[in-house]
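Beneath this line is the structure, given in structure tokens, with notes to follow.
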Amino acid sequence: KPLGLLILDLDHFKSVNDSHGHDTGDEVLKAVAHSLCEISRYHDVVARLGGEEFGIIVPNMNSSQLLKFADRIRKAVAAIVVPAGESVRLRVTTSVGLAEWDGRESAEELYRRADQYLYEAKRLGRNRISA
């Protein structure tokens, strides 16, 4: 059965913490985590990998479904608005690396491939998916 791995990294997140403080950064992370859980199905596995990076294990979706799912996530994150003070509303975007398990590679190899795609998405301009 197909198995996909999405690795997401919030774009320019350091500037959120630097400009608005870590408490606001934590609120952004909570809002993103909530959104990821809302969009994901009950058998998907959503996890925070560390810092501003999240991973989602997505079983039983073919390549085109995975791309559509990743794009829904990308758009949902971009739609999040987090209040930061009385007149500031923060928005963040995410870059996504997407890899589909080839049936032979180890979990570590799958992760490494998704991570390479994530860096490609960032290199190509951020707020995009690379697969």
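Pairs of Cα atoms under 8 Å, at least six residues apart: use those to get the relative contact order of region 64-131, whole percent.
33 percent.
Applying 1/(1 + (r/R0)^6) with R0 = 35 Å to the Cβ-Cβ distance of R104 and S15, what FRET efficiency is obtained, to the nearest 0.05?
So, using R0 = 35 Å, E works out to roughly 0.30.
Toward the positive end of the charge dipole of the chain, about the Cα centre and with charges on Cβ (Lys, Arg +1; Asp, Glu -1), which of Q65, V92, S19 goes farthest?
About the Cα centre, the residue reaching furthest to the positive side is Q65.
What FRET efficiency comes out for K1 versus Y119 if R0 is 25 angstrom and r is the Cβ-Cβ distance? Round to the nearest 0.05.
0.35
So, in nm, how far is label S64 from label H22 when the simple model puts each one 7 Å beyond its Cα toward the Cβ?
4.7 nm
Taking the inverse of the average 1/r across all pairs of different Cα atoms in region 22-81, what Kirkwood radius in Å do you get? Walk me through the numbers before you get to the answer.
Values: mean 1/r = 0.0819 Å⁻¹.
This gives a value of 12.2 Å.
So what is the relative contact order for the chain, in percent, with contacts set as C-alpha pairs under 8 Å and at least six apart?
Rounded, it is 33 percent for the chain.
Take each uninterrupted DSSP H stretch in the chain, measure its Cα extent along the helix axis, and return the ones at 15 Å or beyond whose mean Kyte-Doolittle hydropathy is at least -1.0.
TM-like helix candidates: 22-39, 63-79.
Quick one: in region 1-109, what % of C-alpha pairs are over 16 Å apart? Working shown, then result.
Details: 3423 of 5886 pairs.
Here the long-distance tail beyond 16 Å is 58 percent of all Cα pairs in region 1-109.
Counting only protein heavy atoms, what percent of the accessible surface of the chain is carbon or sulfur at a 1.4 Å probe?
51 percent
The values are calculated or read from the model by the stated rules, or taken from the named source; none is laboratory data. Since we're looking at a predicted model, the values are computed, not measured. In this analysis, Cβ positions are derived from the backbone assuming ideal geometry, glycine residues included, and neighbour counts consider all displayed protein chains. Accessible surface is based on the protein model in full, side chains and every heavy atom, while ligands, DNA and RNA are left aside. Shrake-Rupley method; radii C 1.70, N 1.55, O 1.52, S 1.80 Å.
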